[in-house]
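Undergrad: First the structure, which I've put down as structure tokens, then a few questions once you've had a look.
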Amino acid sequence: MATEVLWWIFAVLIVAASAGVVFSRSVIHSAIFFIGSLAGVGAMYAFLNVEFLALVQFLIYAGAVTVLILLALMLTRSGTTGLPERTDGPQKPFAIVVGATLMGILIAVAVHTSWPGNLSDKPRGIAIDAISNRLFLDYGAPFIIASALLLVALVGAIILARQEEGE
Amino acid sequence: MVPLSNYLVLSAIIFSLGAYGVLARRNAVLILFGVELMLNAVSLNFVAFAAYLDPDKITGAIFAVFVIIVAAAEVALALAIIIRLFRNRATANVDEVATLKW
């Protein structure tokens, strides 16, 4: 019972924070709401009893990615007047229509589909050793490719963002 | 306990908000926020399915790990491009950099 109440509190917080990310007029406020939304999804992983992913979500997303984005925001702040710049384009009404339609369709599908397999009424947790066994034994090759992808992406990011000579 | 459909509905709401953000925003960093929200919603969906339907093979949780890896690489590259753009054009507004060459 207490779990359900907590779940609903966190669900409302996540939806509110996500709405804040896309509706806030200030870029910095968006970033702060973004941290809240990511941390909330991490709490959802904890509710699902997947501790490893909850930790990864907090460390990588709510920690590292957010710091990176805040750094980029700091470097690309245009104007020092302090006035909030216009953050939404003229396509906003169409975006509202598309977003609302998408939400309606997705919720209808999520509620009305009967999922195959033995659906349990509560989450059966996923332990860290189960994840590591699957990841390192069965998905070893994709794991190595993913590490190569990270290396290439980081080198590429450094080359792209580097200040060239004579520029 | 909380049923699976609650997680799916929550994930659908986050995904739609992210899609709205991608479509409506003009600042490149804010568009990136929208993309990240959508990726998060997808991982939440994967993990919920793995925990409720597939606790032996847990393919969904593995998928979520790879989604996080690719999202980290994507954020690093996107921010490098945005910083580069800002240095050349002094703007992060995607409407003003639609020419693709200069």
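Undergrad: Can you give me the C-alpha center-to-center distance between segment A:4-60 and segment B:3-66, rounded to a whole angstrom?
TA: 11 Å
Undergrad: Mean-square fluctuation check for chain A, GNM, Cα pairs under 10 Å: which of A:L154, A:L48, A:L70 is largest?
TA: A:L154
Undergrad: Are there DSSP H segments in chain A that both extend 27 Å or more along their axis (alpha-carbon positions) and score a mean Kyte-Doolittle hydropathy of at least 1.6? List them, or say none.
TA: Helices meeting the span and hydropathy rule in chain A are A:2-23, A:27-47, A:92-112, A:140-161.
Undergrad: Now a separate question. How many nm separate the modelled label positions at A:A141 and A:H112, each set 7 Å beyond the Cα in the direction of the Cβ?
TA: In this crude spin-label approximation the distance works out to 4.1 nm.
Undergrad: Could you give the size of the charge dipole of segment B:4-97 about its Cα centre, using +1 on the Cβ of each K and R and -1 on the Cβ of each D and E, expressed in debye and rounded to the nearest 20?
TA: Values: 6 positive and 6 negative charges, 73 e Å.
Charge dipole, segment B:4-97, about its Cα centre: 360 debye, nearest 20.
Undergrad: Choose one answer from A:I131, A:I35, A:I107: the residue with the largest mean-square fluctuation in a GNM of chain A with alpha-carbon springs under 10 Å.
TA: Greatest mean-square fluctuation among the candidates belongs to A:I107.
Undergrad: Suppose only helical runs count, i.e. DSSP H with n ≥ 4. What mean residue ellipticity at 222 nm does that imply for chain A under -39500 (n - 2.57) per run, divided by all residues and rounded to the nearest 500 deg cm²/dmol?
TA: Taken over chain A, the calculation gives -21500 deg cm²/dmol.
Undergrad: Kindly provide log₁₀ I(q)/I(0) values, in the same order as q = 0.12, 0.19, 0.22, 0.24 Å⁻¹, from the Debye equation applied to equal alpha-carbon scatterers of chain B.
TA: Calculated log10 I(q)/I(0) at the listed q: -0.51, -0.93, -1.10, -1.20.
Undergrad: Would you please classify the overall shape of the protein assembly as shown from the alpha carbon gyration tensor, given that a ≥ b ≥ c denote the square roots of the eigenvalues, rounded means a/c under 1.5, and beyond that prolate means a/b larger than b/c while oblate covers the rest?
TA: It comes out oblate by the Cα gyration axes.
Any read-out appearing in this document is the output of simple, stated calculations on the displayed coordinates, not a laboratory observation. What you see is a predicted model; the values in this text were computed from it and never measured. Note that each Cβ is placed from the backbone with ideal geometry, even for glycine, and that neighbours are counted across all protein chains shown.
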